[in-house]
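Written below as structure tokens is the structure these notes are about.
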Ligand code: SF4
Ligand code: FE
């Protein structure tokens with residue numbers, strides 16, 4: 001396994017072509033806006049080095065038996081699925097942000113089973129190719145960016161019907177030695193902190209869309225790949241050098257627009273090319289795994305937000321007020337409900353044909369549907385407890401100013417035994433999680449990440465077996481022939 005420092009060094013040797021606010025960045029690792037997101041992924045390596053987290057963060061490889069980072073693991077049991085969610089909660093607690101590495105973990109678990117089933121039905125040889133990549137990924141302890149979401153253009157049209165044929169990523173040329181692809185993937189979590197990109201189709205495809213039914217992996221800095229870094233609310237505060245004003249100066253997440261401008265992919269790296277009928281299976285499984293993931297990561301971040309709200313209440317001298325206690329209880333209740341769903345869909349998992357364990361799809365979709373709602377309520381309650389000072393207080397520069405600093409120290413103090421600076425730090429953390437850079441990961445990503453709410457409702461409708469429930473009702477009501485009470 002890589003150490004945290006080796007991980008950082010490995011990124012330095014890559015040559016990403018990335019634009020941040022209109023400028024080409026030479027050294028993404030040390031860029032003040034990007035670096036906190038790198039620190040979050042680095043934590044997935046650092047915790048794996050820590051003996052107290054060994055069982056959660058590392059696991060024997062199902063391919064080689066060697067101990068590997070769990071982010072590179074193929075789930076072999078429901079216990080593995082449960083440990084994945086627990087690991088994600090831990091990392092959410094340690095970073096208070098999106099730590100990005102889960103997308104690749106969910107992508108490899110998806111492709112492991114889907115390529116197996118494709119080969120069994122179609123006689124292709126994708127599974128063995130994929131396992132060769134997997135073995136290297138595990139040995140090298142790579143971070144992999146799972147790239148699914150296309151830009152999609154007009155949502156009422158299929159990929160092949162779009163006015164611009166590149167709005168979904170597609171194969172533009174098939175050669176003897178490989179394929180050439182063009183298109184873009186949007187909202188790519190952790191793309192610049194990844195060694196490889198694993199591309200997958202984003203929706204179910206028809207025969208006419210065969211060129212768009214493509215899955216492959218390539219180096220994240222491959223020739224022809226270009227990144228445009230996503231803006232986040234308050235991101236330029238990171239350029240000001242104030243740890244207080246940023247709220248969480250060490251950690252963060254990032255998303256980028258990933259453009260494939262005629263990128264060559266050798267056949268060895270291709271796992272789907274035209275098998276459109278398997279596109280929906282791949283999308284559903286990936287979405288299911290990532291919807292499970294949110295029952296861990298968002299809960300860990302929620303733990304930090306609840307802790308911050310409790311501290312804000314203490315610093316204000318209101319921690320014994322019954323309505324504050326009740327609001328904190330409500331936040332905990334909502335957060336643990338999310339965790340319960342993450343654990344439940346894992347505990348109810350089952351093996352696929354290849355032996356790789358898959359979560360219970362209905363419960364995973366229920367998990368994510370709750371995630372589209374509860375973090376908003378948790379954030380609302382945190383803002384309620386924090387008070388308006390969270391968005392009206394002065395900057396760190398004012399606090400440090402020789403003339404006005406003493407006024408801030410004096411007038412913005414809450415309880416007398418807590419330094420004003422601590423109060424400002426906690427309020428800025430709440431601001432960061434609810435309105436600032438981390439709100440991308442905690443709020444909007446809770447809504448749209450791993451699929452928007454309607455996507456889960458479609459899956460819930462599909463998985464729920466309403467006919468069986470009607471049958472149950474008929475039996476109880478005495479209108480079921482099978483009940484013998486006709
Ligand atoms: Fe991992 Fe959560 Fe970020 Fe997805 S949103 S990559 S599950 S931390
Ligand atoms: Fe996500």
Next on the checklist: I need the full set of residues from segment 184-195 which are buried (at least 24 other Cβ atoms within 10 Å of the Cβ) and either more than 16 Å from ligand 2 (Cβ to nearest atom) or assigned to a loop (DSSP other than H, G, I, E, B) (or both), in order please.
Outcome noted: 188, 189, 190, 194
Checklist entry - Can you name the condition, by its number, that residue 465 falls short on among (1) within 16 Å of ligand 1 (Cβ to nearest atom); (2) at positive phi? => result (1)
Checklist entry - In the set 272, 331, which member is under 30 Å from residue 121 (Cβ atoms) and away from ligand 1 (no atom under 16 Å from the Cβ)? => result 272
Item to check | Residue ID - farthest from residue 226 (Cα to Cα), chosen from residues in segment 9-29 that are touching a residue at least 40 places away in the same chain (Cβ under 8 Å) and touching a helix residue (DSSP H, G or I) at 6+ places or on another chain (Cβ under 7 Å) | outcome: 11
Checklist outcome for this item: Given the conditions (1) out of contact with any strand residue (DSSP E or B) (no Cβ under 9 Å at 6 or more places or on another chain); (2) assigned to a loop (DSSP other than H, G, I, E, B), every one holds for residue 208 apart from (2)
Checklist entry - Does residue 99 meet the test of being closer than 22 Å to residue 255 by Cα, modelled with pLDDT of 95 or more and surrounded by 23 or more Cβ atoms within 10 Å (Cβ to Cβ)? => result yes
Checklist entry - Among helices (runs of 4 or more DSSP H) lying entirely in segment 370-409, which contain 3 or more residues that are touching a residue at least 60 places away in the same chain (Cβ under 8 Å)? => result 374-386, 396-400
Checklist entry - Quick check: anything in segment 421-437 outside any helix (DSSP H, G or I), surrounded by 13 or more Cβ atoms within 10 Å (Cβ to Cβ) and within 16 Å of ligand 2 (Cβ to nearest atom)? => result yes
Checklist entry - Do we have any residue at all in segment 99-108 that's away from ligand 1 (no atom under 16 Å from the Cβ) and either under 29 Å from residue 6 (Cα atoms) or in the same structural domain as residue 300 (by TED's automatic domain parsing) (or both)? => result no
Checklist outcome for this item: The residue that is farthest from residue 95 (Cα to Cα), considering only those in segment 439-456 that are within 11 Å of ligand 1 (Cβ to nearest atom) and not in a helix (DSSP H, G or I), is 450
Checklist entry - If we scan segment 67-85, do we find a residue that is at pLDDT 95 or above, more than 15 Å from ligand 1 (Cβ to nearest atom), within 30 Å of residue 240 (Cβ to Cβ) and not assigned by TED's automatic domain parsing to the domain that holds residue 359? => result no
Next on the checklist: Going through 287, 309 one at a time, which residue ends up being farther than 30 Å from residue 124 by Cα and at pLDDT 95 or above?
Outcome noted: 309
Next on the checklist: So, residue 129, is that one surrounded by 16 or more Cβ atoms within 10 Å (Cβ to Cβ), touching a residue at least 24 places away in the same chain (Cβ under 8 Å), part of a strand (DSSP E or B) and away from ligand 2 (no atom under 16 Å from the Cβ) or not?
Outcome noted: no
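The values are calculated or read from the model by the stated rules, or taken from the named source; none is laboratory data. None of the values given here were measured: they were computed from a predicted structure. Positions of Cβ are generated from backbone atoms using ideal geometry, with glycine treated the same way; all protein chains shown enter the neighbour counts.
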